[in-house]
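Visitor: Quick one: the structure is below, and I'll ask about it shortly.
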Amino acid sequence: MKGKRKRKARQGKKGLEMPFSNVPAMFLDMVYGFGMDVFKEMVETEIAGLCGARYRHSPTRGYVRWGKSRSAAVVGGRRVSLEHGRVRDLRKKRERRLKTVSLALDMEPLLEMAVRQMGLGVSTRNYHRSLEGHFAGQRGMSKSAVSRRFVARTAAQLKDWLSRPLGEFTPILLIDGIHFRGTVVVVVLGITLSGKKLILGAWEGSTENARVCTDLLQNLIQRGLDPESVGLLVVDGGKGLLKAIGDVFGKDTLVQRCQVHKKRNVLDYLPQQLKQPTLDTMNEAYRAPDYETAKRLLVNLANRLRKDHPSAAASLEEGLEETLTLHRIECPAALRKVLASTNAIENVMGTIRRVTKRVRRWRNSGMVMRWVCTGLIQAESGFRRISGYTQMKFLLEKIKAEKERNKAA
């Protein structure tokens, strides 16, 4: 009997215990409930300001209460049906839209939430699980609803990306492409005089296609990019892109070929035992403080490779001068470390890959461009100034002098 009484006492205590795991959810529900009550009070205050006190006659009033209605407001990343009063304009004989209701019915935060959650890797199926709180009357969290909002918002963002004016001075451009199934998107990253990074545009096409690259660069010019202000382009070395740069910006425009891509291309032609020694020599050359030393090391390496590995030597010699453009114009070391490769834009491509990694089926190129736009927005939100930006003016003076020498020649 004594043991039985103890068990009943323990069971009674358990029955009185509050499930602490539900406390956060209960608190959030209470907060949202208070928020809805405040919304109703704000609506009533606005109605009273227009119509006067309830049940009091006023011969000069221009508005009257006109019943109630339910509207879908945005609360906590979802749509919630809220009841509110209505007002009729006696002069215009139609309903007067209340400012408080208009603010609550703004769907923009809902679209932004969908894009942000999808950009962070939340699937449409699990969208509702990423939201806080749970209360009656909520809707708009189904897979199809979230997908529709995401498509609508990203389509609008993409249109803005492709048409926004480019008024800021961007003397340095980095261009690279990212591959999807059957589609390549070319992205242009600009660097301003103050060292800020800006996404200038994205274009569906191929870095090997001169026509597409030309259209991309012409689009930037039409949107306000001054071709005369562009002093340096950093690229991976695609032939179509190099041709487009010459056609659009002129033959005297300076091009810096990515040294990382060059090292990778050369090593692909070599056996395993020669890769590390070759890489060490190329690293030593690209870290050299002056142009003459860097070129001498690379030419000597090409001569050593030519006998047994002619393809590797040819790859090294192809575009060798363009990989040393920054050395030739005596670019400051801190800036050369940043601009001698396309790493700055490769980081952007990495963000796009992270954002799109959950997508398994690409229906069309429009879908690709919308997701790329989402990745670009995520990347741009984390941009910082490049290292050595305080020496940008000095670099631009060197670029201007080099272009003048090229024109004179």
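The values are calculated or read from the model by the stated rules, or taken from the named source; none is laboratory data. These numbers were taken from a predicted model, which means no experiment stands behind them. Methodologically, a virtual Cβ is constructed for each residue, glycine included, from the backbone with ideal geometry; neighbour enumeration extends over all protein chains shown.
Visitor: Looking at residue 225, is it buried (at least 22 other Cβ atoms within 10 Å of the Cβ), part of a loop (DSSP other than H, G, I, E, B) and touching a residue at least 24 places away in the same chain (Cβ under 8 Å)?
Guide: Against the criterion (buried (at least 22 other Cβ atoms within 10 Å of the Cβ), part of a loop (DSSP other than H, G, I, E, B) and touching a residue at least 24 places away in the same chain (Cβ under 8 Å)), residue 225 qualifies.
Visitor: Just to be sure, is residue 193 under 21 Å from residue 243 (Cα atoms) and not basic (Lys, Arg)?
Guide: Answer is no for this residue.
Visitor: Kindly indicate whether residue 293 is among the β-branched types (Val, Ile, Thr), modelled with pLDDT of 90 or more, over 30 Å from residue 203 (Cβ atoms) and touching a helix residue (DSSP H, G or I) at 6+ places or on another chain (Cβ under 9 Å).
Guide: Criteria met by residue 293.
Visitor: Conditions first: (1) at pLDDT below 80; (2) under 14 Å from residue 100 (Cα atoms); (3) not β-branched (Val, Ile, Thr). Residue 86 passes all but one, so which condition is the exception?
Guide: (1)
Visitor: Checking the condition closer than 27 Å to residue 317 by Cβ, touching a helix residue (DSSP H, G or I) at 6+ places or on another chain (Cβ under 9 Å) and of a type in the set (A, V, I, L, M), which residue from 242, 189, 193 passes?
Guide: Residue meeting the stated conditions: 242.
Visitor: Let me ask something else about it. In the set 65, 54, which member is in contact with a helix residue (DSSP H, G or I) (Cβ under 8 Å, 6 or more places away or on another chain), at negative phi, assigned to a loop (DSSP other than H, G, I, E, B) and at pLDDT 80 or above?
Guide: On inspection, the qualifying residue turns out to be 54.
Visitor: Can you find a residue that is more than 20 Å from residue 362 (Cα to Cα) and modelled with pLDDT of 85 or more anywhere in region 125-147?
Guide: Checked against the condition, which is being more than 20 Å from residue 362 (Cα to Cα) and modelled with pLDDT of 85 or more, region 125-147 yields no hits at all.
Visitor: Turning to a different aspect of this structure: Considering only residues that are in contact (Cβ under 8 Å) with a residue 60 or more places away in the chain, under 15 Å from the mean Cα position of the chain (by Cα) and either surrounded by fewer than 23 Cβ atoms within 10 Å (Cβ to Cβ) or not assigned by TED's automatic domain parsing to the domain that holds residue 244 (or both), which ones fall in region 178-195?
Guide: Answer for region 178-195, where residues must be in contact (Cβ under 8 Å) with a residue 60 or more places away in the chain, under 15 Å from the mean Cα position of the chain (by Cα) and either surrounded by fewer than 23 Cβ atoms within 10 Å (Cβ to Cβ) or not assigned by TED's automatic domain parsing to the domain that holds residue 244 (or both): just 178.
Visitor: Select from region 365-406 the residues that are β-branched (Val, Ile, Thr) and touching a Gly at 6+ places or on another chain (Cβ under 6 Å) and write down the one among them that is nearest to residue 349 (Cα to Cα).
Guide: Residues of region 365-406 β-branched (Val, Ile, Thr): 368, 372, 374, 377, 386, 390, 399.
Now restrict to residues that are touching a Gly at 6+ places or on another chain (Cβ under 6 Å): 374, 386, 399.
Values: 374: 12, 386: 17, 399: 27 Å.
So, considering only residues that are β-branched (Val, Ile, Thr) and touching a Gly at 6+ places or on another chain (Cβ under 6 Å), the one nearest to residue 349 (Cα to Cα) is 374.
Visitor: Could you tell me which of the residues 368, 355 is over 20 Å from residue 175 (Cβ atoms), β-branched (Val, Ile, Thr) and crowded, with 18+ Cβ neighbours inside 10 Å?
Guide: Working: 368 fails: over 20 Å from residue 175 (Cβ atoms).
So the residue among 368, 355 that is over 20 Å from residue 175 (Cβ atoms), β-branched (Val, Ile, Thr) and crowded, with 18+ Cβ neighbours inside 10 Å is 355.
Visitor: Among the listed residues 319, 350, 366, which satisfies the condition of being in the same structural domain as residue 262 (by TED's automatic domain parsing) and under 16 Å from the mean Cα position of the chain (by Cα)?
Guide: 350
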